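Worksheet for the structure shown next.
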Amino acid sequence: MKAVLDAGAFVAVEKRDRRVGAMLRVLRDRRVPMWTSAAVVAQVWRDGRKQTLLAQVLDGVGVRALAVGEDKRSGELLAVTHTTDVIDAHLALLVEDGDHVLTSDRDDLERLLAARRIDAALVET
């Protein structure tokens, strides 16, 4: 089991959301691997000098770039689900059965994961 974080989780960190901060601390303490998409990082990263809290959290999160083949798989997933967010599609490709997804975009990720027949827990951020 791993935790997969979307942009909403990182935005919550920057807003000092205590609930999300507590969730991330529990995941870290339990040594649950945390992952995100490089595109999610691009979505939230602006200035490391001003985003020190975000930088600290990212330090403990694996970041996966769009790999060869995932470009087409992402596009095909978007077509099947009639959604348009490439970042959400790539994030959905990182999720496996039993994972936890911290997201502020529950509806789209639910559709994307259902299309992949992935059974994961979606946690609102």
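The values are calculated or read from the model by the stated rules, or taken from the named source; none is laboratory data. Just so it is clear, the model here is predicted, and its values are computed rather than measured. Neighbour counts are summed over all protein chains in view; Cβ atoms, including those assigned to glycine, are modelled from backbone coordinates with ideal geometry.
Which of the residues belonging to the range 1-22 are among the aliphatic types (A, V, I, L, M) and under 20 Å from Gln43 (Cβ atoms)? Even if it seems obvious, please write down each step before you answer.
The first filter runs over the range 1-22 and keeps only residues among the aliphatic types (A, V, I, L, M), leaving 1, 3-5, 7, 9, 11-13, 20, 22.
Listed by number, the residues that qualify are Ala3, Val4, Leu5, Ala7, Ala9, Val11, Ala12, Val13, Val20.
The residues of the range 16-75 that are in contact (Cβ under 8 Å) with a residue 24 or more places away in the chain, out of contact with any strand residue (DSSP E or B) (no Cβ under 6 Å at 6 or more places or on another chain), assigned to a loop (DSSP other than H, G, I, E, B) and under 23 Å from Met1 (Cβ atoms), listed by number, are Asp17, Pro33, Gly60, Ala65. When Val68 is tested against (1) surrounded by 14 or more Cβ atoms within 10 Å (Cβ to Cβ); (2) out of contact with any Leu (no Cβ under 7 Å at 6 or more places or on another chain), just one condition goes unmet, and that condition is (1). Among the residues making up the range 86-125, those that are among the charged types (D, E, K, R), buried (at least 18 other Cβ atoms within 10 Å of the Cβ) and not in a helix (DSSP H, G or I) are Asp99, Asp105.
Please pick out the residue among Gly60, Gly48 that is under 15 Å from Ala9 (Cα atoms), in contact with a helix residue (DSSP H, G or I) (Cβ under 8 Å, 6 or more places away or on another chain) and exposed (fewer than 14 other Cβ atoms within 10 Å of the Cβ). Exactly one residue qualifies, and that residue is Gly60. Just one of (1) farther than 21 Å from Leu112 by Cα; (2) hydrophobic (A, V, I, L, M, F, W, C); (3) in contact with a helix residue (DSSP H, G or I) (Cβ under 9 Å, 6 or more places away or on another chain) fails for Val26. It is (3).
If I ask for residues that are modelled with pLDDT of 95 or more and either touching a Gly at 6+ places or on another chain (Cβ under 9 Å) or aliphatic (A, V, I, L, M) (or both), which ones from the range 68-85 would you list? Of everything in the range 68-85, those that are modelled with pLDDT of 95 or more and either touching a Gly at 6+ places or on another chain (Cβ under 9 Å) or aliphatic (A, V, I, L, M) (or both) turn out to be Leu77, Leu78, Ala79, Val80.
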